[in-house]
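Working notes, beginning with the structure itself.
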Amino acid sequence: LGTVVLLLIIRLLSNGFISQKTEEPPGPWPLPLLGNLMQLDLKRPYKTLCQLSKKYGSVFTVYFGTNKVVVLAGYKAVKEALVSNAEEFGERDIAPIFYDINEGHGILFANGEVWKEMRRFALTTLRDFGMGKSLAEDKILEECRHLIQMFEEQKGNPFDTTCPLNYATSNIISAIVYGSRFEYSDPRFKNLVARANESIRVAGSAQIQVYNMCPRLFSWIKNRQKMLNNRDTSVKDVKDLIKHLKETLNPNMCRGLVDCFLIRQQKEEESSVTDSHFNETNLIYTVTNLFGAGTDTTAGTLRWGLLLMAKNPHVQDQVQEELSRVVGSRHVRVEDRKNLPYIDAVIHEIQRLANVVPMAIPHKTSRDVTFQGYFIKKGTTVFPLLTSVLYDESEWESPHTFNPSHFLDKDGKFIRRDAFMPFSAGRRVCLGESLARMEVFLSFASLLQRFRFTPPPGVTEEELDLTPAVGFTAIPSPHKVWFLMLQDVAKNRAISITF
Ligand code: HEM
């Protein structure tokens, strides 16, 4: 009888407790309450997660405090989850701080019907209003002219590129969303940009991560209050801008995304659509989401680009040689890209190495799923570790060095690489990808056409630091580099800028 009972217990354990446990993705042993916090670098968690993937494989579990997270590492796992299992891995995991701020409205931190409708609306409107059309190109080129002018005006003075690049990328979204750009000197615009950027930096702080782990206990923390205040002020400003557009609305003409939304809202009201998501709250958060997601990422990518040019003068030489040979002194256009294979490769390599959104934006599983032999429960937080894709040792010849040849064949022709995934993939793939690509190409090429970027005097190229700043996005830490205006290179007139 004893043997039978023992066999029964073993069978029960292996069918239930043990088999379920062993089928869950492996990971470091969590401590009570703290989980794996002691093993994670909270400032740049993606770095330690990459190290852990070497030990635990491409699908593993970590605990941020009591929050369980399944991490997907490497190109194959991330692609298989986000593309081949798009439905199961396509939900957004909305951390408490983002729920506080967006309350489930808009696109970035929304799910279900709201997300579906707002995303579809934004994609079609952005497409009609610009992406892929010459309108966006014209708006970007106009902004490039203001940006260049701002660079030129700083002759000889130390110059921080963070603001101008944030202003330029933000203004491109303004032109598409509101139908017009702001002057860089407009205090309301300056504050809008400053608040959005502060919130992105603060969102990645240790305080906010602690709040996300125990929202009830830490609702009082300072950084949460800061983010809520920023949200309130931005919402007020956006409401004012929308009010003005509403007063001057012409139902037969869309000046930008807001007009299209208001016209659609009116139509749905007139035809008494009962469950319409075209309401003011969704409009406000769709607008703030586009600014929040599109400014810091694009400006950060451009700052990495300028910094990498200063660090790699031989690459900069070739970029400038190709520009002067193919484009000369006229304005660069999108259609030039196909004739600029080296620059195309350099920009892709900048984006690969820059790794601006290292962990994508957290996803969650929409249902129970068995993935690569592991059981993952519905509602589990999932981090698609984009760093591990962009630095995947089985995909890239020299993953940790700046090497534009990753995107060139032996004849110097540009080649696409599937593991190039800075915009993520699948259902939640970056909504602004086409616009961002156009912005980065036109701005980078226009700046490199006119300026030569170098480290400040007394600093060698090797000494330029590539450690990213702490925050939700991995943008350059403050740096000083110089730039020379190309026509002045011979005269050796330098302009100092700070990244
Ligand atoms: C989402 C990258 C520029 C709008 C994302 C995601 C990444 C990303 C990695 C998360 C995808 C996921 O969760 O799997 C980038 C990079 C950019 C950039 C590297 C610049 C170089 C832009 C621009 C816009 C934009 C210019 C707006 C015009 C969005 C939106 C989402 C998003 C709305 C949320 C999509 C959703 O949840 O359905 N982006 N992005 N992004 N991005 Fe971008």
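Structure notes:
- Residue exposure proxy: PHE451, PHE414, ordered by other Cβ atoms within 10 angstrom of their Cβ from fewest to most, comes out as PHE414, PHE451.
- Taking the helices alone, the chain has a mean residue ellipticity at 222 nm of -16000 deg cm²/dmol, built from -39,500 (n - 2.57) per DSSP H run of at least 4 residues and averaged over all its residues.
- Rounded to whole Å, sorted largest first: equivalent-ellipsoid semi-axes of segment 174-248, Cα gyration tensor: 30, 13, 9
- Taking 20 Å as the straight-line reach from the Cα of LYS155, the lysines in range (excluding those fewer than 8 positions away in the same chain) are LYS480, LYS491.
- Amide H contacts of ARG452: LEU484, MET485, LEU486, each under 5 Å away and 5 or more positions distant or on a separate chain (H built 1.01 Å from N in the peptide plane; Pro and chain starts excluded).
- Cα Rg, Dmax (largest Cα-Cα span) when computed across segment 26-147, Å: 19.5, 56
- Across segment 339-421, the volume of the C-alpha convex hull divided among the residues equals 111 Å³ per residue.
- Segment 310-355: equivalent-ellipsoid semi-axes (sqrt of 5 x gyration tensor eigenvalues, Cα, Å): 19, 14, 8
- With contacts taken as Cα pairs under 8 Å at a separation of at least 6 residues, segment 355-403 carries a relative contact order of 35 percent.
- Helix axis angle, 112-129 relative to the chain longest principal axis, alpha carbon, degrees: 20
- Taking Cα atoms only, the orientation of helix 313-326 departs from the longest principal axis of the chain by about 60 degrees.
- Rounded to 5, the percent of DSSP beta bridges in the chain classed as antiparallel: 80
- Compared with the dominant principal axis of the Cα atoms in the chain, helix 257-270 is inclined by about 60°.
- Note that segment 138-146 has calculated 3J(HN,Hα) couplings of 4, 5, 5, 5, 4, 5, 4, 4, 5 Hz, one per residue in order, obtained from phi through the Karplus relation 6.51 cos²θ - 1.76 cosθ + 1.60 (θ = phi - 60°); glycine and proline are x.
- Over 32 Å (Cα to Cα) - which of LYS43/LYS364; LYS239/LYS378; LYS139/LYS243; LYS76/LYS116 fall in this group: LYS239/LYS378
- Peptides 165-172, 201-208, 246-253, 179-186 ranked from most to least packed give 165-172, 201-208, 179-186, 246-253, packing being the mean of other C-beta atoms within 10 angstrom over each peptide's residues.
- Length-normalised contact order for segment 199-342 - Cα pairs under 8 Å, 6+ apart - percent: 15
- Inter-label distance, nm, simple model (7 Å from Cα along the C-beta direction), GLU268/GLU393: 5.0
- Beyond 28 Å, the tail of the calculated P(r) for the chain holds 57 percent of the Cα pairs.
Bear in mind these aren't lab numbers, they're just calculated from the coordinates by the rules spelled out. None of the values given here were measured: they were computed from a predicted structure. Note: ideal-geometry Cβ built from the backbone for every residue, glycine included; neighbour counts use all protein chains shown.
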